[in-house]
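Following: one structure in structure tokens, then a few remarks.
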Amino acid sequence: MPILPMMLRRRVSPIGQKALGAAQACADIEQARYIIASRHGEFDRTVKILTALAEKEQPSPAEFSMSVHHGLAGLLSIHTGNRQGHTAVAASLDSFGYGLIEAAACLVEVPDRPVLLIYFDAPLPESYADFRPSAEADLPLAMALTLCPGALSAGDAAAISVSCAPAGEAGEGENLPLGFLRFLLGKSREDSALGGRMVWRWCRA
């Protein structure tokens, strides 16, 4: 994984460093539109802000400005000089799936511009252990994928179709990004995984 410049290392959390490191390993990072998908974002920052408020202290402006999901995309775009814009997606255990759909929609909208999908999440702190789903056992996780122009061409071996349907009752769910990576790196023609409220299906087009 590429070594992050000091400017980025100083301003991001450990999981944020992993996410930006994964992004830097991808192609077309200077020209791509960024899609950031995460269930919790850099949640450690939020905990520090809440702790400061509970102790009647002034929250750190730096922590506050970087506590939103967009923060990492902003830093990355400044570092790379990328002005293509970005989108942040947070949808509980379905975050990766909706991030993938958003990335695909951006590629359809502007087919000649690559799209960089960055997904990251870390386990909730111990004080929030009651809210940890079983899928968090595989965390922390950071990954980045580039959706390239031309991937929509008929017969392209890299083309993958994505669909989803309501799962009925909300369940524990699985780790969607890990499931997708296993499918992407494997040889199965199609596979599926249960998110929080949706069942996601992937098929080699």
Open item on the list: I'm checking my understanding of the structure. Among residues of region 25-68 that are under 17 Å from the mean Cα position of the chain (by Cα), of a type in the set (Ser, Thr, Tyr) and part of a loop (DSSP other than H, G, I, E, B), which one is surrounded by the fewest Cβ atoms within 10 Å (Cβ to Cβ)?
Closed with: 67
Task: Members of region 103-117 found to be in a loop (DSSP other than H, G, I, E, B) and either within 12 Å of residue 31 (Cα to Cα) or modelled with pLDDT of 95 or more (or both), listed by number - done: 112, 113, 114
- [ ] With the checklist (1) out of contact with any Asp or Glu (no Cβ under 8 Å at 6 or more places or on another chain); (2) touching a residue at least 24 places away in the same chain (Cβ under 8 Å); (3) closer than 27 Å to residue 176 by Cα in hand, flag the one item residue 39 doesn't pass.
- [x] (1)
Open item on the list: Anything in region 172-190 that is surrounded by 15 or more Cβ atoms within 10 Å (Cβ to Cβ) and in contact with a Cys (Cβ under 8 Å, 6 or more places away or on another chain)? List them, or say none.
Closed with: none
Task: Of residues in region 81-95 being surrounded by fewer than 17 Cβ atoms within 10 Å (Cβ to Cβ) and more than 22 Å from residue 122 (Cα to Cα), the one nearest to the chain's Cα centre (by Cα) - done: 85
TODO: With respect to residue 112, determine if the residue is touching a residue at least 60 places away in the same chain (Cβ under 8 Å) and not β-branched (Val, Ile, Thr).
DONE: no
- [ ] Find the residue count for region 77-99, including only residues that are touching a residue at least 60 places away in the same chain (Cβ under 8 Å), of a type outside the set (Ser, Thr, Tyr) and in a helix (DSSP H, G or I).
- [x] 4
TODO: Select from region 85-105 the residues that are in contact with a Gly (Cβ under 9 Å, 6 or more places away or on another chain) and of a type outside the set (Ser, Thr, Tyr) and list them in ascending order.
DONE: 86, 88, 89, 90, 91, 93, 94, 96, 97
Open item on the list: Looking at the structure I just gave you, is residue 102 farther than 14 Å from residue 177 by Cα and touching a residue at least 60 places away in the same chain (Cβ under 8 Å)?
Closed with: yes
Task: Answer residue from region 172-193, given it is within 19 Å of the chain's Cα centre (by Cα) and of a type in the set (S, T, N, Q) and is modelled with the highest pLDDT among those - done: 192
- [ ] Give me a count of the residues in region 118-171 that are surrounded by 13 or more Cβ atoms within 10 Å (Cβ to Cβ), modelled with pLDDT of 90 or more and aliphatic (A, V, I, L, M).
- [x] 8
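The values are calculated or read from the model by the stated rules, or taken from the named source; none is laboratory data. Being a predicted model, the structure only gives us computed values, none of them experimental. Every residue, glycine among them, receives a Cβ derived from its backbone with ideal geometry; neighbour counts consider all protein chains shown.
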